[in-house]
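Single-structure report; data block below.
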Amino acid sequence: MPIDVTADLNDDMTLDPPGRIAVVGAGPLGLEAALYGRFLGYDVTVFERGQIGESLRDCQDQPLPMLPSECLSPLAAGALRAQFGKESMASQPSLPLTIGQWLSDGLERLSKTDLLQGRVLTGAQVTRVTMIDPTPTDDPPAEGPPSLLQTPAGDAEPDDDFEVIGEVPPDFRVTWVGNSENDAAEDRSDADPLTQSADFEAIIWATGVSSDSVPGLEEHLTAPYFFRIGDGADLPAADTRSADRLRSGWNQIVRLYARLGGRAGLDLYRPLRL
């Protein structure tokens with residue numbers, strides 16, 4: 001079951017931008033959660049074990065299981081129009097009719113917008129989630145953005161040091177095997193992937209991977225700043241409930257960011273009043 005993001009917003013579980021958020025899963029809900037966070041100014045990184053929309057790729061020829069106008073939120077459609085103009089699927093008279101068109105003209109292009117460019121790590125399999133000691137080290141903070149801790153695959157544990165960013169120290173360490181932003185799969189010639197780690201103040205779990213398949217995840221499902229959106233399963237391509245599940249996921253995204261922002265009325269999907 002997903003984390004209850006409708007809990008009391010006045011519980012002091014807030015995170016001011018540019019807090020670091022890890023989104024696990026680059027499907028329809030994961031990319032939407034990342035985009036929503038970027039609009040609010042958060043430092044978001046998306047981890048995807050395969051390709052964008054991996055769970056939908058085996059059924060690309062199937063018809064879209066929802067109305068074409070319902071496959072992207074108004075926020076995502078607006079980002080595509082702003083980035084690609086007339087090339088955007090959202091501005092074309094013919095909207096996507098198949099899963100494949102949704103992937104190529106919608107989700108993949110969304111990952112290339114300025115807000116998400118370089119922040120979606122494909123081929124990055126999350127292997128562990130751990131809580132970290134919120135005690136700062138004595139070392140002076142490094143200048144610039146935190147670097148990824150890289151160790152050869154199979155090594156035991158990464159360095160325990162971390163950088164305190166702003167007033168809220170990171171709560172979670174995400175460890176993954178695969179690629180980093182500067183280590184794209186097509187650029188690597190060596191066969192062995194890297195085991196890498198990075199620290200985050202919040203995690204949004206947006207994948208159907210079961211909790212017992214990732215060490216450390218089960219014990220954090222009810223931890224503060226850990227959110228699970230969706231119903232714990234990948235969005236089924238041919239399921240007639242997909243439209244309802246997608247909208248439900250968007251509602252959860254609204255609630256979790258309202259909770260992080262401490263603002264019950266925060267809703268970027270709400271139509272603007274002129």
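Brief remarks on what is shown
- Subset of the stretch 21-62 (residues that are in contact with an Asp or Glu (Cβ under 6 Å, 6 or more places away or on another chain) and within 20 Å of residue 195 (Cα to Cα)): 26
Rundown of residues vs (1) of a type in the set (Ser, Thr, Tyr); (2) under 18 Å from the mean Cα position of the chain (by Cα); (3) farther than 17 Å from residue 46 by Cβ; (4) modelled with pLDDT of 65 or more, yes/no style:
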| position | (1), (2), (3), (4) |
| --- | --- |
| 174 | no, yes, no, yes |
| 177 | no, yes, no, yes |
| 205 | no, yes, no, yes |
| 212 | no, no, yes, yes |
| 220 | no, yes, yes, yes |
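- Members of the stretch 35-57 found to be within 10 Å of residue 18 (Cβ to Cβ) and aromatic (Phe, Trp, Tyr), listed by number: 42
The values are calculated or read from the model by the stated rules, or taken from the named source; none is laboratory data. Note that the structure is predicted; figures quoted are calculated from it, not measured. Neighbour counts are summed over all protein chains in view; Cβ atoms, including those assigned to glycine, are modelled from backbone coordinates with ideal geometry.
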